[in-house]
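The values are calculated or read from the model by the stated rules, or taken from the named source; none is laboratory data. None of the values given here were measured: they were computed from a predicted structure. Every residue, glycine as well, gets a Cβ built from its backbone with ideal geometry; the counts of neighbours run over all protein chains shown. To get the accessible areas, we keep the full protein, side chains included, count just its heavy atoms, and leave off ligands, DNA and RNA. Shrake-Rupley method; radii C 1.70, N 1.55, O 1.52, S 1.80 Å.
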Amino acid sequence: KRQVQLIQAQTDDHIWAETYDREISAANTFAIQSEIAVAIAKQLKARLTDAEQAELSALPTESFAAYDLYLQGVELARQWDLDAFDRAADLFRSALDIDPDYARAYAGLCDVFLKNYRYTRNASMVPRAQSYCERALQIDDSLFEVRMSLGNLHMATGKYDLAEAEFLKAIESEPESDSAYRRLGRSYTEREMEREAEAALLHAIEIAPAEADNHDALAHFHYVFGRFPQAIAAYEEAIRLDPEDPAHYLGLGASKYLSGDFAGTEAAWRKSIALDENQPTLLYNMGTVFFFEQRFEDALEMYLRASELRPEDQLTWGAIGDAYRFISGKQAESAAAYEQAITLAERAYRVNPNDLGVVSALSRFYATANRPDKAEEFIAVALEMGSEDMYMWYDISLAYLALGRVDDCIDAIEQLIARGYSRDLLSGDLMFSEIAGDPRFVALLQGGVGAE
């Protein structure tokens, strides 16, 4: 026997109560949930449409065991860990063994394989995710979870306008979902829709102010648009709400790094690595710090460790090529690493041709590998795709430099600085050593302009 109560939060007054003393089974557990939701809506004088009534009455599955397995899978999938992804996938499959038409379990599999792709950059994960998403849509295309999964699939494949449409449909289904607004904000960020992105992310925080991931998402938005003080503040709020998540410290360190606070960077990343030493992005970032300190052997060690965890990441292989480039007698290894970076970046480009980071990286890798025609091709694509992305201008400037287009390189550096990139980082970046004495480059580092 259980009593359900509706209480006015401000006054602590009891508005409604009902006692349920039925035997529990899968079917009547879900029926009771539906009954409670309808009763609360009536007490709140909310009008339910026929579609909303039908949705509340629909059973997520006929099997309580399948439902339990699904919930366990959802919880595991929240972790940023390959083993957790694998175990979550097993739980979703077990739920489907019991109920082969469980749409939410198919959506869960779609999301797990997409997360695996984001972690490993293994392109084979995307068509597998797509097949599960398509099956979920065939079973029930009205479900919030299915719409969210489809939106996530569109994000992974660069169809950001379609992703926006799916997240908006998800919001229609669940208007108070902070996660839907969070993903909507990310879709706007990818399209450089700054105002819309910020509004969506702030609304996510308004819905769930104590959810650390909402503040982390807002911090990432500020980071992308070069607003490092705001990014730092938002990451610090995420850390206050969830001090055990290493990803928040990782983002905080990156923001402090690009704002020139190197002591703060080290402190944040040391905390992150203390929580989880096997983060490929963190290892990559630590390698970059060593690279700027001209500790090339140490940088290489970090990059190689990152590549063991994320062997199909083009940026890591590009960084390996950079490190070898500055180690005596390792030019052959450097060239091989750049070729591997090109292979992986081309693979990622086929998955998502609208990934500006991949496109600009390809321009740099091809230029460094002395393949000017391909470099020029991807420079043009990158410049057409977006002009506000700071890292695009970094890659483009290095591509121009490798192509011998020094004036264009310095113009690109000027754009890079205008978007918030630290002059201190540039002054110590050996990648630009060829133009270290160029008067226009020196003027830029001193706060002047690059053009004569």
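All of (1) more than 25 Å from the chain's Cα centre (by Cα); (2) open to solvent by less than 40 Å² (accessible area, probe 1.4 Å); (3) not acidic (Asp, Glu) hold for Arg325 with one exception: (2). Across the range 219-228, not a single residue is classified as at pLDDT 95 or above, surrounded by fewer than 20 Cβ atoms within 10 Å (Cβ to Cβ) and aliphatic (A, V, I, L, M).
Output yes when any residue across the range 107-119 is farther than 26 Å from Val358 by Cβ and either open to solvent by 20 Å² or more (accessible area, probe 1.4 Å) or of a type in the set (Phe, Trp, Tyr) (or both), and no when none is. Scanning the range 107-119, I find no residue that is farther than 26 Å from Val358 by Cβ and either open to solvent by 20 Å² or more (accessible area, probe 1.4 Å) or of a type in the set (Phe, Trp, Tyr) (or both), so the answer is no. If the condition is being of a type in the set (A, V, I, L, M, F, W, C), more than 12 Å from Ala180 (Cα to Cα) and part of a loop (DSSP other than H, G, I, E, B), then the range 198-220 contributes only Ala210. In summary, Thr120 fulfils each of the numbered conditions (1) farther than 29 Å from Trp317 by Cβ; (2) at pLDDT below 95 with the single exception of condition (1). Taken over the range 94-143, the residue count meeting the criterion of being in contact (Cβ under 8 Å) with a residue 40 or more places away in the chain and β-branched (Val, Ile, Thr) is 2.
Restricting attention to the range 265-299, which residues are in a helix (DSSP H, G or I), closer than 21 Å to Arg423 by Cα and without any contact (Cβ under 8 Å) to a residue 24 or more places away in the chain? Glu266, Met286, Phe290 - these are the residues of the range 265-299 that are in a helix (DSSP H, G or I), closer than 21 Å to Arg423 by Cα and without any contact (Cβ under 8 Å) to a residue 24 or more places away in the chain. Name the single residue, out of those in the range 352-403 being assigned to a helix (DSSP H, G or I) and of a type in the set (Lys, Arg), that is surrounded by the fewest Cβ atoms within 10 Å (Cβ to Cβ). The extreme case among them is Lys374. In the range 164-182, the residue that is nearest to Asn214 (Cα to Cα) out of those that are open to solvent by 60 Å² or more (accessible area, probe 1.4 Å) and in contact with a helix residue (DSSP H, G or I) (Cβ under 6 Å, 6 or more places away or on another chain) is Glu176.
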